[in-house]
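Trainee: Following this message is one structure expressed as structure tokens.
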Amino acid sequence: MSRRSVSRKLSSLRSYYHYLEQEGVVSHNPFKQVTMPKAQKHLPEFFYEEELVKLFEVEDLRTPLGQRNQALLELFMQQECALVK
């Protein structure tokens, strides 16, 4: 079972026992002491150069919306390049 599945099940049980505790059905929530498994880290996805070229060519720079989108794309690319360095 994956870590994410275990986390979901633990979270559900913790919430259910919290509800039972509030309703007075149980006096102790045994899942309060259980630690959640650490989330799996995934490798970041990346774009190939051809995909980036297509991405930057899509917007019509004559419109305010196109200019805004182009500026956002360039900002994100600059931030990503700074993080990689």
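The values are calculated or read from the model by the stated rules, or taken from the named source; none is laboratory data. Model, not experiment: these values are computed from the prediction. Heads up, the Cβs are rebuilt from the backbone with ideal geometry, glycines too, and the neighbour counts pull from every protein chain shown.
Trainee: Can you name every residue in region 31-50 that is surrounded by 10 or more Cβ atoms within 10 Å (Cβ to Cβ) and under 24 Å from E74 (Cβ atoms)?
Mentor: F47
Trainee: Further question: For V58, work out the one condition from (1) over 30 Å from K9 (Cβ atoms); (2) in contact (Cβ under 8 Å) with a residue 12 or more places away in the chain it doesn't fulfil.
Mentor: (2)
Trainee: Search region 1-22 for residues that are over 21 Å from H42 (Cβ atoms) and pair each with any residue that is modelled with pLDDT of 85 or more when their beta-carbon atoms are under 6 Å apart and the residues are at least 6 apart or on different chains.
Mentor: From residues that are over 21 Å from H42 (Cβ atoms), the pairs are L13/F31; R14/F31; Y17/N29; Y17/F31; H18/N29; L20/V26; E21/N29.
Trainee: Return the residue satisfying two criteria in turn: it lies in region 10-24 and is surrounded by 11 or more Cβ atoms within 10 Å (Cβ to Cβ) and among the charged types (D, E, K, R), and of such residues it is farthest from the chain's Cα centre (by Cα).
Mentor: Per the stated criteria, the residue is E21.
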